[in-house]
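Laboratory data are not the source of any read-out in this text; all were calculated from the coordinates shown. Only a predicted model underlies this, so the values are computations on that prediction, with no experimental measurement involved. Glycine also receives a Cβ, built like all others from the backbone with ideal geometry; neighbour counts cover every protein chain displayed.
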Amino acid sequence: MKQTYKKLARLLMTTMMTGGLMLAGQTGMAAPAQPTVNVDAATKDMPNHVASKVLDVKADKTEVGLISNVVYEQVPSRGYANVPMQMDILQPKTQAKKPAILFVTGGGFINANKDNGIQLRMHLAEHGYVVGSINYRVAPTAKFPEPLEDVKAAIRFLKANADRFGIDPARVGIVGGSAGGYLTAMAGTTSGTKTFDKGENLQVTSDVKAAVDLYGLSDLTQVGSDYSEEVQAKHRSAGATEALWVNGSPVFGGRDGGILADKQAAEAANPIHYISKTSAPMLLMHGTADTIVSPSQTDLLYQALQQNGIPSERYLVTGAAHGGKYWVQEPVLNIITDFFDRYLK
């Protein structure tokens, strides 16, 4: 046994010396990317030697790294002057500058968990995108447009730190679902303007080249459309989250009443209100079994985009609910990725 280990040590030493001599004699030439070694050479003569299995792998999948809890801005909130807003970043490990996509989670206007959407985010990262996922201010402690200001601040952060994260700042898109789809639509329709740009990194723009709105809201006064009168009445109530989103809490200086209490404020919080010639191309998708946000919501925005000549597409996903397993299936993920490829690559 000792002789075998001595033989192995001599083999390793010879290999190292030979490799060093070869490199020394090849000035200006790159070393082989991956040397081939007969890993069983030193042990094949051992008694009862069992050969290992060999696995040939085509290394064509990009490695992705995670950078957690990056502070992209600090904002005032409920008496605190500097509350950190955070972003998780998925970063493909390649040398070239890559396009970036901001993912905006949903949460009914009252939650914003940046851990959501991991399968969509990973799919995009594996296809060559730097992907940031954020939390943002929510109702009732915040109201519109503060959450949108956070989204735009996150876009500017990615652009301002492009070298740090390997991003091409000229190729940035945005995607979100539900309330995140709504915020995505707001960022897309106001792209090319300085509307709602507030806070840090104002030396760069919050423009996006493409936006993907998944089952988002487009007209906050009609969220319950196509549902029963009972559901529509709930959406007209002061406790509806879209009402808190626009009006705020009356306890903390907001307006009391439902979404119709201030029709002008409600209209100012709708993405349709901001469509212009600089609005970003948009993909909209909605499930036919959505019982939370009426499928007509994305259709309202789609029709308005079409009428204004903004490049746009809309898909109805048969049987899909408001979130859930349909939204992580390959056909859906591929449509989203192909749309971004068209405008960001």
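If amide H atoms are built 1.01 Å from N in the plane of the peptide, which residues on other chains or at least 5 residues away come under 5 Å of the amide H of residue 167?
HN-HN under 5 Å from residue 167: 98.
What lysines does residue 198 reach when the alpha-carbon gap must be under 17 Å and sequence neighbours fewer than 8 apart in one chain are set aside?
143, 152, 159
Counting Lys and Arg as +1 and Asp and Glu as -1, what is the net charge of the other residues whose Cβ lies under 13 Å from the Cβ of residue 285? Before the final figure, lay out each step's value.
On the way: positive: 314; negative: 213, 290, 299, 313, 338.
Within the 13 Å Cβ shell, the charges total -4.
Would you calculate, for the chain, the mean residue ellipticity at 222 nm contributed by helices, counting each DSSP H stretch of 4 or more residues as -39,500 (n - 2.57) and dividing by all residues, to the nearest 500? Let's see the in-between values first.
On the way: 10 runs with 110 residues, N = 345.
-9500 deg cm²/dmol, from helical runs alone.
Quickly rank 321-329, 75-83, 96-104 as a protection proxy: mean count of other C-beta atoms within 10 Å, highest first.
On the way: 321-329: 15.4, 75-83: 11.3, 96-104: 24.1.
Going from most to least packed, we get 96-104, 321-329, 75-83.
In the chain, with Lys and Arg counted as +1 and Asp and Glu as -1 at Cβ, which of these residues, 135, 95, 329, has the Cα nearest the positive end of the dipole, that is, farthest along it?
Of 135, 95, 329, it is 95.
Can you give the convex hull volume per residue for the Cα atoms of the stretch 64-344, as a whole number of Å³? Numbers along the way, then the final one.
On the way: hull volume 31.7 nm³, N = 281.
Convex hull of Cα atoms, per residue: 113 Å³.
Pick out the long, greasy-scoring helices in the chain: whole DSSP H runs spanning 27 Å or more along their own axis by Cα, mean Kyte-Doolittle at least -1.0. It would help to have the intermediate numbers written out before the result.
Details: long enough: 2-24 (33 Å, 0.24).
Span-like helices, by this rule, are 2-24.
Could you order peptides 236-247, 126-137, 196-207 by the average number of other Cβ atoms within 10 Å of their residues, highest first?
Working: 236-247: 20.9, 126-137: 23.6, 196-207: 17.7.
Listed from highest to lowest mean packing, they are 126-137, 236-247, 196-207.
At q = 0.11, 0.12, 0.20 Å⁻¹, work out log10 I(q)/I(0) for the stretch 250-345 with the Debye formula, treating every Cα as an identical point scatterer and leaving solvent out; two decimals please.
Evaluating at q = 0.11, 0.12, 0.20 Å⁻¹ gives log10 I(q)/I(0) of -0.46, -0.53, -1.07.
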